[in-house]
Amino acid sequence: MKKHYRHEHDCLNCGSDLQGKFCHNCGQENLEIKESFGHMLNHAVSDYFHFDHQFFHTLKPLLLKPGQLTIEYMAGRRGQYLHPVKMYIFISLVYFILLFKGDHNIIRTDDQTKKNSNSEIIDAVKKDIAKDSSLSAKQRDKLSQTVNHVAGKAEGVKVDSIHAPVTITRTGDDTDSTAELYNRSQSKLPAAKRDGFFDHFFKERTLLYEQKYGKEQAMEHFKEDVKHNAPKVMFVLLPLFALILKITFWKNRKYYVEHLIYSIHLHCFFFLFSGVILLIQRILPASWHSFSDLLTLFVTVYTVYYIYRSLRVVYQRSRWRTISKMTGIAVMYWAMAIICVIGMLMVTAVTA
């Protein structure tokens, strides 16, 4: 569909004098303000397929030519390729959706249903106590008071049977039934006998999760919260990895942003390549597990080769020098990753 351009030569966006169809100052196209629905739709579709064209044009060097995309970008040949940050956001979003999709669904229990269920059990227990002729009136009163007390403090309490004689058991020790009781019991102990920082943190957060979601669903909720924070950890690792590259290849005299561009391209490759393999593995029948294992092995081998080759292309080092640098980078990267994961787990537990 033909575009309708204005006859005037002033940019409506910034006021600059135009020398062509696009403003040399702000880049806006000199189109008519009032356009038909067809022209508006055509413009939107053109913008979409421009992104689409850039994306697919970026795929070949990203997947099959290690390091070449970074070299092209740093040389200024950028118009035909997708911007690194835009590409990272899009690819990582798709990857994490594929990675976490369909693992399991958390069963959320309605609070009112819980209350109704508990009240039915308590009523049944009270009826059994009233019918039990072997109990004296004083014993009946005492048992009824116990049941009422349990009903009021239902957290961590389980009624094993609704038949007399009544048996009531707790899922843990009294001191460990809630985070509040646990902290209270710890405060009463001598400093030398109290749990250490990490033990105390772990036990306290575990009890808080169990209080909030119940013992059965606490771990599932925690895993779900961790999944939501995983992309944030990878986003933090990007600049850290670029810093590792800056330190490792300081003799190359590259700017930090150049290392960052390579870091983004490398992570995009991993997300895209792993995402495609993950999708293939999910489509394959369960009986093809041997082929799935071969795919996993292929991913590992090709990823290692890709990193090695891309480092050689971008940083221009010899084979053995590249291998030694690559080993050091891997150790530092995984150390950073472990620290970030631990931090993510602690943040997840605190903010739940």
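List every residue pair whose Cβ atoms lie under 7 Å apart, where the two residues are 6 or more positions apart in sequence or sit on different chains, the first residue falls within the stretch 298-309 and is closer than 11 Å to residue 274 by Cα, and the second residue, located anywhere, is surrounded by 12 or more Cβ atoms within 10 Å (Cβ to Cβ) and hydroxyl-bearing (Ser, Thr, Tyr).
That search, which allows pairs on different chains as well, returns 299/274.
All but one of (1) polar (S, T, N, Q); (2) within 28 Å of the chain's Cα centre (by Cα); (3) surrounded by 15 or more Cβ atoms within 10 Å (Cβ to Cβ) hold for residue 248, so report the exception by its number.
(2)
I need the full set of residues from the stretch 178-227 which are in contact (Cβ under 8 Å) with a residue 60 or more places away in the chain, part of a helix (DSSP H, G or I) and of a type outside the set (A, V, I, L, M, F, W, C), in order please.
205, 209, 212, 217, 220, 221, 224, 225, 227
For (1) modelled with pLDDT of 90 or more; (2) farther than 20 Å from residue 83 by Cα, each residue gets a yes or a no:
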| site | (1), (2) |
| --- | --- |
| 223 | no, yes |
| 230 | no, yes |
| 242 | yes, no |
| 247 | yes, yes |
| 258 | yes, no |
| 264 | yes, no |
| 272 | yes, no |
| 279 | no, yes |
| 282 | no, yes |
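So for the stretch 94-111 (the condition being modelled with pLDDT of 85 or more, surrounded by 11 or more Cβ atoms within 10 Å (Cβ to Cβ) and among the hydroxyl-bearing types (Ser, Thr, Tyr)), does at least one residue qualify?
yes
Looking at (1) at pLDDT 80 or above; (2) touching a helix residue (DSSP H, G or I) at 6+ places or on another chain (Cβ under 9 Å), which is the only condition residue 31 fails?
Unmet for residue 31, out of (1) at pLDDT 80 or above; (2) touching a helix residue (DSSP H, G or I) at 6+ places or on another chain (Cβ under 9 Å): (1).
The values are calculated or read from the model by the stated rules, or taken from the named source; none is laboratory data. Nothing here was measured: the structure is a model prediction, and the numbers come from that model. Note: ideal-geometry Cβ built from the backbone for every residue, glycine included; neighbour counts use all protein chains shown.
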